[in-house]
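The values are calculated or read from the model by the stated rules, or taken from the named source; none is laboratory data. Quick caveat: nothing in here was measured; it's all calculated off a predicted structure. Positions of Cβ are backbone-derived with ideal geometry, glycine not excepted, and every protein chain shown enters the neighbour counts.
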Amino acid sequence: MTRISLALAALVLTTACSAVRPTPAVGRPLAAVVPAPTLVVFLTVDQLRPDYFTRFGPQLTGGLKRLYDGGAVFTDAHHDHATAETAPGHASVMSGRFPQHTGIVRNNAGVGDPQAPLIGSSAAGASPFRFRGSVLTDWLRSKDPRTRALSVARKDRGAILPLGRAKQHVFWYGLNGRFTTSRYYADTLPTWVNAFNARRPLAQYAGREWTLLLPDSAYAEADSVPVESRGRDFTFPHWLTADTARAFGEIADFPWMDEQTLALALAGLDALALGRGPQTDVLAVSLSTTDAIGHRYGPDSREVHDQILRLDRALGTFLDSLYKVVDSTRVIVALTSDHGVTPFPQLHFPGTDPARGRAEVRPLLREYAQRLQARGVDSSALDFEYGLVSMDRAEFARAGVDADSTLRAFLADMRRVPGILRADLRTSLAAQAAAGDKLARRWVHALPSDLPVVAVVTIEPFHYWASSTSATHGAPHDSDTHVPVIFYGAPFRAGKYAGYVRTVDIAPTLAAVLQTLPTEPLDGVVLTRAIR
């Protein structure tokens, strides 16, 4: 590709690669071309809500503050798909495509793969074998095969999916005090990962106390909230067990996990000499502690408040260390999250009923299972999974039972369950989405054409499925889809940008800045307003 101005690159990408909502790109050629970035740092903070930046902003002093104050910040950014979970979120952010096209719809059909066992860990095997299509790293390698990528995370899906199917350097936590990878990527761990593990960095935290970073008066949240942590250990301080083996399994709920994930990223950056050019390399880091703490204590907790302050400091140290080895003018940073989170219904809705704000569908599911069995239909022929309804029509036909009438009756009964907002046939979603129905649009974006889902059920806003015992997410409502989107670095125009954007817009925007053409049609568009 010939060297062209960034404004022209944005125009080309917006016109050629946008499958949804094309936006004309208008810009002026730069007086001086910005030096080509040699490193993309892609940060995904699991369960990071945008309001944390404003709620805790006066107390932020580190990396979050630097990115928020000096970056291009889109204040109304969303995952525009219904299944707001970790796997589909991570699959969309660097691919520029919805789950409809990545094939990654939910966590339990994400990266689990028994044919790709882990190295030195008994944790479940994992690989990107379900992922479809390409990501930013692939586009960069098509332009320059020297491009390398490193992705690290606590979660396997957080490390794997941002790089798609590429067999690059991908590592995650093996639940045994060590970071590892699967045999999809390699048969042995590289020397630098072995050296990192040999220092046993996580063992130092066994028996340690998590106390507040700031004085108690700096936290507006109540500390004693029994709904948190399932009614156990819901006040500060929190102790990590002194039993090292147990601590390795429990440390995910403590802020130190993020610190060591970032330390691994820096060790890999140095060992692989990322960002030294002339090609553009990629460093993807997914930080999962906010998600673990958010699930356990909820987004309105003192624990989440303290975690965000600690994350801010850890990211500040990370960026300072990064800029010591890679020229900051040649680095671009993007930050987002894989999903939001909905507060505990007990705290959101008034009253004392413990079932308030919860949709209890399990009795109805048991009733239909019994009805089907009585008519000779295997109960698994009608399957319900957090709003997704699937049917084995062949099994209904074998038993001589009409599948369509059963489905219509099931959805009608679902709509009568308190806490259920709607139940839609899949065949009706496209027309509803075209008419401006936001929830229908998000369901359409979540469902690949070959996924055997025949209907979807949506809970009311700020409701949980009754089976959820921790703070949760996964619904198509804004509380679960609203996430930060921040671009930082020389090519971006700092400021706060209003207007609805989607996380699938991140990858094409980065591609425009990197003057790189995606190798397939995208769902996202270039956010030209943010580009200088």
Is one or more of the residues making up region 325-337 farther than 25 Å from ALA77 by Cα and touching a helix residue (DSSP H, G or I) at 6+ places or on another chain (Cβ under 7 Å)?
-> yes
Just one of SER127, SER122 is out of contact with any His (no Cβ under 9 Å at 6 or more places or on another chain) and modelled with pLDDT under 95; which is it?
-> SER122
Any idea which of (1) in contact with a Gly (Cβ under 6 Å, 6 or more places away or on another chain); (2) free of Cβ contacts under 8 Å to residues at least 40 places away in the same chain is the one ASP480 doesn't satisfy?
-> (2)
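Here is a yes/no grid of residues against (1) basic (Lys, Arg); (2) outside any helix (DSSP H, G or I); (3) not assigned by TED's automatic domain parsing to the domain that holds THR289:
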site: ARG49; (1), (2), (3): yes, yes, no
site: TYR52; (1), (2), (3): no, no, no
site: LEU64; (1), (2), (3): no, no, no
site: ASP80; (1), (2), (3): no, yes, yes
site: ALA87; (1), (2), (3): no, no, yes
site: ALA91; (1), (2), (3): no, no, yes
site: SER95; (1), (2), (3): no, yes, yes
site: VAL105; (1), (2), (3): no, yes, yes
Which condition number in (1) hydrophobic (A, V, I, L, M, F, W, C); (2) within 14 Å of ALA84 (Cα to Cα); (3) assigned to a helix (DSSP H, G or I) is the one that ALA507 fails?
-> (2)
What do you reckon, is LEU382 under 22 Å from GLY419 (Cα atoms), aliphatic (A, V, I, L, M) and touching a residue at least 24 places away in the same chain (Cβ under 8 Å)?
-> yes
Of all residues making up region 108-145, the number that are in contact with an Asp or Glu (Cβ under 7 Å, 6 or more places away or on another chain) and either among the aliphatic types (A, V, I, L, M) or not assigned by TED's automatic domain parsing to the domain that holds THR180 (or both) = 2
Filter result for the condition that a residue is over 20 Å from ILE293 (Cβ atoms), of a type outside the set (Val, Ile, Thr) and at pLDDT 95 or above, over GLY27, GLY70 | GLY70
Restricting attention to region 75-87, does a residue exist that is within 27 Å of GLU303 (Cα to Cα), over 17 Å from the mean Cα position of the chain (by Cα) and surrounded by fewer than 24 Cβ atoms within 10 Å (Cβ to Cβ)?
-> yes
What is the number of the single condition among (1) assigned by TED's automatic domain parsing to the domain that holds ASP258; (2) surrounded by 23 or more Cβ atoms within 10 Å (Cβ to Cβ); (3) of a type outside the set (A, V, I, L, M) that GLU228 does not meet?
-> (1)
Is one or more of the residues making up region 464-479 under 30 Å from ARG408 (Cβ atoms), of a type in the set (A, V, I, L, M, F, W, C) and buried (at least 21 other Cβ atoms within 10 Å of the Cβ)?
-> yes
Hits in region 272-310 (condition: surrounded by 23 or more Cβ atoms within 10 Å (Cβ to Cβ) and in contact with a strand residue (DSSP E or B) (Cβ under 7 Å, 6 or more places away or on another chain)) = LEU274, GLY275, THR280, ASP281, VAL282, LEU283, ALA284, VAL285, SER286, LEU287, SER288, THR290
Pairs under 8 Å by beta carbon, first residue closer than 22 Å to ALA381 by Cβ in region 439-457, partner of a type in the set (Phe, Trp, Tyr) and surrounded by fewer than 21 Cβ atoms within 10 Å (Cβ to Cβ), six or more apart or different chains?
-> VAL457/PHE384
Here are some conditions: (1) touching a residue at least 12 places away in the same chain (Cβ under 8 Å); (2) over 23 Å from PRO37 (Cα atoms); (3) assigned to a loop (DSSP other than H, G, I, E, B). HIS305 meets all but one. Which one does it not meet?
-> (3)
